[in-house]
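Since the structure comes first, as structure tokens, the remarks are kept for the end.
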Amino acid sequence: MNAPFALSRIHHVAYRCKDAKQTVEWYEKVLGMTFTSAFSEDHVPSTGAYDPYMHVFLDCGGGNVLAFFELPEQPDMGRDANTPEWVQHIAFEVADLKALTAAKAHIEGLGIDVLGPTFHGIFRSIYFFDPNGHRVELACNIGKPEHYAELRRVAPLMLDEWSQTKKAPRHADWLHKDPDAA
């Protein structure tokens, strides 16, 4: 059943941070984002609960906004110990392999450990962590229209098979064959 409305885009995605100023400066310096606004209240507008916060917003380009909350009166940030740290991440797109390579050099030049590029069939990506422990991914698309069409075709088949077996379906094994691998 389809919803009786249409979404136009993601307005913003919000995460928690340890230090709002440090987070803004990191995303500006490392990823070139633009700090656009900050909201700060002592009471949460949606619940009325007392919980002072600083809410910062960064323009990621293309109408996309990444936001963070600093919550100084809450217990220290943690992560879900039952979820591997590679699962929850923020992924951004760069134009092409040249941009991905330049991004990796820039980020490593700032002393940040970078994993990759990793081949994912229709994109390549690099991974690193922000100062809050959030995993960040930069990806560039390398797929062809026929690749995306085939993935769209097999997606329901793969999901159904996964739902029944909880084993990786093999409908898109071609994604794992890196033509550039030695």
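Please treat every number below as a calculation from the coordinates, not as lab data. A quick note: this is a predicted structure, and the numbers were derived from the prediction, not measured. Cβ coordinates were reconstructed from backbone atoms using ideal geometry, including for glycine residues, and neighbour counts include every protein chain displayed.
Take segment 1-155, compute every pairwise Cα distance, and split them into 5 Å bins from 0; I just need the percent in each bin.
It works out to 2, 7, 14, 17, 18, 16, 11, 8, 5, 2, 0, in whole percents.
Tilt of helix 145-165 relative to the longest C-alpha principal axis of the chain, in degrees (0 to 90, nearest 10)?
Once rounded, the angle reads 80 degrees.
Suppose every Lys and Arg Cβ carries +1 and every Asp and Glu Cβ carries -1, with no other charges. What dipole size does the chain come out with about its Cα centre, to the nearest 20 debye?
Charge dipole of the chain: 680 debye, to the nearest 20.
What percent antiparallel are the DSSP beta bridges of the chain, to the nearest 5?
Around 70 percent of the beta bridges assigned by DSSP in the chain are antiparallel ones.
³J(HN,Hα) across segment 175-181 via Karplus (A = 6.51, B = -1.76, C = 1.60, θ = phi - 60°), whole Hz, x for Gly/Pro?
Working through the residues one at a time gives 4, 9, 9, 7, x, 9, 6 Hz.
Tell me whether segment 1-89 comes out rounded, prolate or oblate; compute the Cα gyration tensor, take square roots of the eigenvalues as a ≥ b ≥ c, and use a/c under 1.5 as the rounded threshold. All intermediate terms of the calculation are to be shown ahead of the outcome.
Values: a/c = 1.25, a/b = 1.15, b/c = 1.09.
Verdict is rounded for segment 1-89.
Helix 97-109 against the longest principal axis of the chain: what's the angle in degrees, Cα atoms only, rounded to the nearest 10?
That helix lies at roughly 40 degrees to the long axis.
What residues qualify as long-range amide H neighbours of residue 92, i.e. H under 5 Å apart, gap of 5 or more or another chain, H built at 1.01 Å from N?
137, 138, 139
Given the pairs 18/98; 29/177; 104/167; 29/98; 98/167; 104/177, which span a C-alpha to C-alpha distance of over 25 angstrom in this model?
18/98; 29/177; 104/167; 98/167
When ranked by the protection proxy of mean other Cβ atoms within 10 Å per residue, highest first, what sequence do the peptides 96-104, 65-73, 153-161, 4-12 form?
Taking the mean over residues of other Cβ atoms within 10 Å, the ranking is 65-73, 96-104, 153-161, 4-12.
Amide H neighbours of residue 54 under 5 Å, at least 5 residues apart or on other chains, H built in the peptide plane: list them.
70
In deg cm²/dmol, rounded to 500, what helix-only [θ] at 222 nm does the chain give when every DSSP H run of at least 4 residues adds -39500 (n - 2.57) and the total is split over its residues?
Working: 3 runs with 46 residues, N = 182.
Value at 222 nm, helices only: -8500 deg cm²/dmol.
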